[in-house]
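See below for the structure under consideration.
The values are calculated or read from the model by the stated rules, or taken from the named source; none is laboratory data. These figures come from a predicted structure and were not determined experimentally. Here Cβ is always computed from backbone atoms with ideal geometry, including for glycine, and neighbour counts include all displayed protein chains.
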Amino acid sequence: MWLYLPESAAEERPRIYLLICYSVFFFFTKALRLVIIIHRSFTFQGGSAAKVQNLEGAVEIRIRPARALKFRAGEYVYLSLAGLSLLPFLSVLELHPFQIMWSYNDQQGKQILAVLARVRRGFTGNIRR
């Protein structure tokens, strides 16, 4: 839409309106995503937890979600692990996709999701450390 707006200084209002609409939409979607993350990650009984097991050249991440998830084989979960970023308070907004390999229930009947990731640099390197 930006390309089709008039470029004259007298017609600057449409550009301002478009920027306002885009900004409101952008921040609304980010706020909605944060609410969904908080809803899926925390309950009154506690939050989600992850255990990392180092394998040769990979890591296995076992996730105990706060709320049970319905999924099919091959679907992805987006992980955000607090404290792995340079800015820990912003690490909640860093989402990294991992494919679900298998799922099982532990002794308490809680759902456990297992994902495998090849260690590279960045997020998976930080997980390994």
Filter result (in a strand (DSSP E or B) and surrounded by 12 or more Cβ atoms within 10 Å (Cβ to Cβ)) within the stretch 102-129: SER103, GLN111, ILE112, LEU113, ALA114, VAL115, LEU116, ALA117
Filter result (of a type in the set (Phe, Trp, Tyr) and farther than 30 Å from SER80 by Cβ) within the stretch 1-41: TRP2, TYR4, TYR17
Top-ranked residue in the stretch 1-44 [being more than 30 Å from PRO65 (Cβ to Cβ) and among the aromatic types (Phe, Trp, Tyr); ranked as nearest to the chain's Cα centre (by Cα)]: TYR22
Hey, THR29 at pLDDT 90 or above, more than 22 Å from ILE127 (Cβ to Cβ) and among the β-branched types (Val, Ile, Thr) or not: yes
Residues satisfying the stated conditions in the stretch 41-50, i.e. free of Cβ contacts under 8 Å to residues at least 24 places away in the same chain and out of contact with any Ser or Thr (no Cβ under 7 Å at 6 or more places or on another chain): PHE44, GLN45, GLY46, ALA49
Long-range neighbours under 9 Å by Cβ, at least six apart or interchain, first residue among the β-branched types (Val, Ile, Thr) within the stretch 108-126, second assigned to a helix (DSSP H, G or I): VAL119/GLY125; VAL119/ILE127; VAL119/ARG128
Selection from the stretch 51-73 of residues that are without any contact (Cβ under 8 Å) to a residue 60 or more places away in the chain, touching a helix residue (DSSP H, G or I) at 6+ places or on another chain (Cβ under 9 Å) and of a type in the set (Gly, Ala, Ser): ALA66
